[in-house]
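Student: Let me give you the structure first, and then I'll get to my questions.
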Amino acid sequence: MRRTLKKYLPDPQTIRDNPWLRPFASSLLHPRLWHLNRHSAAGAVAAGLFCGLIPGPLQMLGAAACALAFRVNLPLAMLMTLYTNPFTIVPLYLLAYQIGRLTIGESNGFITPPAFSATDFIGWTNAMQNWMLTVAQPLGIGLIMLASGLAVIGYFATRAAWRVYLINAWRRRTKLRSGSGR
């Protein structure tokens, strides 16, 4: 598992050779950011899953900042943000909105956005702003809760998967040793 992940992740030499990243080399080349073990992998998965729900193109920057702050595997944290894409972002945001709505106790259902009106563009713009302000609180709370939940689940699932892998590897080695010792 570790060899497979390492095959696809960039190495620190790539950072050293990149002229854009050279000014940040001292912090980006910290050994813990590139070491892959169950602790750094679980933390990286949690950071990537949390930052994957950040709106816009800031997901990978957020994951990189979390990896630097918590000293977890940087490439894996950035890779884990890719679970959000044009196909998954809308259902995830709708789920986050529902979670936020239930958390704050809002009883009305999903509020549909105002229909676009080219003839009354200013009126539509005002209605759209009001709609966004109405949706903002439950969506913001829901995004934080969903991201936190995904991070916790991802952290413990990675730790558990790594442990299962290690136990199976130990058992294989034990069988090999006992079988070859006969």
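The values are calculated or read from the model by the stated rules, or taken from the named source; none is laboratory data. If you're wondering where the values come from, they're calculated on a predicted model, not measured in any experiment. Backbone-built Cβ (ideal geometry, glycine too); neighbour counts: all protein chains shown.
Student: Would you check which residues across region 87-102 are without any contact (Cβ under 8 Å) to a residue 40 or more places away in the chain and surrounded by 11 or more Cβ atoms within 10 Å (Cβ to Cβ) and list them?
Tutor: Those that are without any contact (Cβ under 8 Å) to a residue 40 or more places away in the chain and surrounded by 11 or more Cβ atoms within 10 Å (Cβ to Cβ): T88, I89, L94, L102.
Student: Sort out which residues of region 69-83 are crowded, with 18+ Cβ neighbours inside 10 Å and either in a loop (DSSP other than H, G, I, E, B) or out of contact with any helix residue (DSSP H, G or I) (no Cβ under 6 Å at 6 or more places or on another chain) (or both), and write them in order of number.
Tutor: If the condition is that a residue be crowded, with 18+ Cβ neighbours inside 10 Å and either in a loop (DSSP other than H, G, I, E, B) or out of contact with any helix residue (DSSP H, G or I) (no Cβ under 6 Å at 6 or more places or on another chain) (or both), then V72, N73, P75, L79 are the ones that fit.
Student: Can you go through G149, G105, G140 and tell me which one is exposed (fewer than 15 other Cβ atoms within 10 Å of the Cβ), over 28 Å from R38 (Cβ atoms) and either more than 22 Å from the chain's Cα centre (by Cα) or free of Cβ contacts under 8 Å to residues at least 40 places away in the same chain (or both)?
Tutor: Of G149, G105, G140, the one residue that is exposed (fewer than 15 other Cβ atoms within 10 Å of the Cβ), over 28 Å from R38 (Cβ atoms) and either more than 22 Å from the chain's Cα centre (by Cα) or free of Cβ contacts under 8 Å to residues at least 40 places away in the same chain (or both) is G105.
Student: Quick check on this structure: which one of A160, A151 is at pLDDT 90 or above, of a type in the set (G, A, S) and over 28 Å from L94 (Cβ atoms)?
Tutor: A160
Student: Need the failing condition index for A63 against (1) assigned to a helix (DSSP H, G or I); (2) of a type outside the set (V, I, T); (3) modelled with pLDDT under 90, just the number.
Tutor: Result: A63 fails condition (3) only.
Student: Just to verify a result, which residue in region 152-182, among those that are loosely packed, with under 13 Cβ neighbours inside 10 Å and of a type in the set (V, I, T), is nearest to C66 (Cα to Cα)?
Tutor: Looking at the filtered set, the residue picked out is V164.
Student: Can we say R177 is over 24 Å from Y97 (Cβ atoms) and modelled with pLDDT under 95?
Tutor: Judged against the criteria, R177 is a match.
Student: From the list A151, A115, pick out the single residue that is part of a helix (DSSP H, G or I) and of a type in the set (A, V, I, L, M).
Tutor: The conditions single out A151.
Student: Okay, next question. Mind telling me which of the residues W34, W20 ends up being of a type in the set (A, V, I, L, M, F, W, C), over 20 Å from I153 (Cα atoms) and in contact (Cβ under 8 Å) with a residue 12 or more places away in the chain?
Tutor: Within the list W34, W20, the selection yields W34.
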